[in-house]
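Enquirer: First, the structure itself, so that you have it in front of you.
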Amino acid sequence: MVHVIETNQLTKSFGGLTAVDKLDITVESGEIFGFLGPNGAGKTTTINMLCTILKPTGGSAKVNGFDIVREAMQVRRSIGIVFQDPSIDDRLTGRENLYMHANLYGVPTSQQKDRIDKILKLVELEDRADDLMRTYSGGMRRRLELGRGLIHYPKVLFLDEPTVGLDPQTRDHIWTYIKELKEAHDITVVLTTHYMDEADRLSDRIGIIDHGKLVALDSPQKLKDTLEGDVITIKAAKIDELTALLSEKLGLTQSRIVDGTLEITVRGGQSLMPKVMEAATHSNFLVDSIQLREPNLEDVFLHYTGKNIRADGGKELHGFAAIQRRKIR
């Protein structure tokens with residue numbers, strides 16, 4: 001496979017803080033690579049170095065075969081970027097925004113109209129192309145930004161939280177567009193997101209970074225398979241006390257509390273569920289519901305970082321898992 005992105009001991013320090021610590025990753029041509037990490041883990045710093053916004057303090061990296069320091073201009077010409085924050089001029093129409101971007105990237109004048117028409121059709125904005133951006137919904141703006149990032153036919157498209165703040169239906173549409181854009185233009189996509197279902201659905205491989213270091217890298221399914229267990233979910237009153245009880249009585253320490261629901265990762269979950277109910281009942285805990293499910297990507301993230309990931313930022317764990325994480329540090 002051809003490596004479109006390759007880093008070698010890539011490092012970035014800010015004074016005494018090492019934000020990215022000797023990072024080694026490769027991204028293959030044509031894949032969607034999900035890049036996950038808690039807030040402050042170093043993923044945004046890494047992306048900024050790969051996009052030549054920041055210079056590394058150590059190591060090296062190549063994007064599309066170009067060194068990010070010595071050949072920064074060639075790197076910029078071969079990438080597209082969709083930032084988390086809106087970056088489109090709302091005083092222009094959708095079509096005018098695309099023309100402006102095409103000119104900035106040196107798209108030949110003779111090709112601009114044809115490319116823009118194709119992009120507008122691809123993101124289904126043909127009928128709104130000549131309306132001012134200020135009249136667009138959030139989802140429409142995001143679709144235009146995705147299209148704008150492809151106007152110069154980049155080899156690599158960086159997407160920083162492409163669906164943050166959008167409703168589930170619009171997010172689903174954006175997912176479809178991302179895959180269609182990738183196939184239509186044979187590009188490699190690097191995606192950062194706080195939505196685990198988004199990373200799971202879109203990514204061919206996922207890299208998890210924590211404290212500036214890569215802690216896991218594989219396909220979503222293989223990452224989930226590494227947990228080798230089941231997840232018991234419990235809804236009950238006095239959930240913190242129940243968590244402590246199950247840790248003491250049954251040794252169920254791999255737990256977290258998410259939105260008032262206790263989630264415990266165990267092996268042999270089917271046989272443990274009756275014991276959980278027996279321990280809870282014996283100690284007069286009222287259990288509203290108990291279920292068994294397979295591990296998901298959120299569980300993987302928790303396993304490797306000790307944190308939950310949320311759209312509003314990674315939150316520290318409650319209870320035993322948080323204590324254990326602090327001990328490890």
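The values are calculated or read from the model by the stated rules, or taken from the named source; none is laboratory data. In this text, all values refer to a predicted model and were calculated from it rather than measured experimentally. Here the Cβ positions follow ideal geometry from the backbone for every residue, glycine too, while neighbour counts run over all protein chains shown.
Enquirer: How many of the residues in region 251-281 are loosely packed, with under 15 Cβ neighbours inside 10 Å and hydroxyl-bearing (S, T, Y)? Give the steps one after another, and end with the answer.
Expert: Initially, region 251-281 is screened for residues loosely packed, with under 15 Cβ neighbours inside 10 Å, giving 251, 259-260, 267-268, 270-271, 274-275, 277-278, 281.
With the extra rule that they be hydroxyl-bearing (S, T, Y), the set shrinks to 271, 281.
The total comes to 2.
Enquirer: Go through region 114-137 and give me each residue that's surrounded by fewer than 13 Cβ atoms within 10 Å (Cβ to Cβ) and among the charged types (D, E, K, R).
Expert: D114, K121, D127, D130, R134
Enquirer: Just a yes or no: is a residue in region 282-302 modelled with pLDDT under 85 and under 23 Å from L36 (Cα atoms)?
Expert: Yes, region 282-302 has at least one match.
Enquirer: Exactly one condition in (1) over 16 Å from T46 (Cβ atoms); (2) at pLDDT 90 or above; (3) among the small types (G, A, S) is not met by A216; state its number.
Expert: Of the numbered conditions (1) over 16 Å from T46 (Cβ atoms); (2) at pLDDT 90 or above; (3) among the small types (G, A, S), the odd one out for A216 is (1).
Enquirer: Next question. Taking the stated definitions as given, is L146 under 27 Å from the mean Cα position of the chain (by Cα) and assigned to a helix (DSSP H, G or I)? Please lay out each step first, then the result.
Expert: Numbers: under 27 Å from the mean Cα position of the chain (by Cα): yes; assigned to a helix (DSSP H, G or I): yes.
Judged against the criteria, L146 is a match.
Enquirer: Then there's this: Counting only residues that are assigned to a helix (DSSP H, G or I) and in contact (Cβ under 8 Å) with a residue 40 or more places away in the chain, which one in region 96-113 is surrounded by the most Cβ atoms within 10 Å (Cβ to Cβ)?
Expert: It comes out as L98.
Enquirer: Any residue at all in region 158-170 that's within 30 Å of A41 (Cα to Cα), at pLDDT 85 or above and hydrophobic (A, V, I, L, M, F, W, C)?
Expert: There is at least one residue in region 158-170 that is within 30 Å of A41 (Cα to Cα), at pLDDT 85 or above and hydrophobic (A, V, I, L, M, F, W, C).
Enquirer: Sticking with this structure for a sec: Just wondering, is there one or more residues in region 59-73 that are part of a strand (DSSP E or B), more than 19 Å from the chain's Cα centre (by Cα) and of a type in the set (K, R)?
Expert: yes
Enquirer: What number of residues within region 86-103 satisfy the criterion of being under 22 Å from K182 (Cα atoms) and not aromatic (F, W, Y)?
Expert: 9
Enquirer: So how many residues does region 152-165 have that are within 15 Å of T192 (Cβ to Cβ) and part of a loop (DSSP other than H, G, I, E, B)?
Expert: Count: 5.
Enquirer: Continuing with the same structure: When region 231-250 is examined, which residues are found to be under 19 Å from P295 (Cα atoms) and surrounded by fewer than 20 Cβ atoms within 10 Å (Cβ to Cβ)?
Expert: T233, K235
Enquirer: Within region 173-239, which strands (runs of 3 or more DSSP E) (wholly inside it) include 3 or more residues that are assigned by TED's automatic domain parsing to the domain that holds T265 and not basic (K, R)?
Expert: Fully inside region 173-239 and qualifying: 230-236.
Enquirer: Residues T52, T11, T57, T45: which one is β-branched (V, I, T) and at positive phi? First the steps, then the outcome.
Expert: Details: T11 fails: at positive phi; T57 fails: at positive phi; T45 fails: at positive phi.
Answer to the check: T52.
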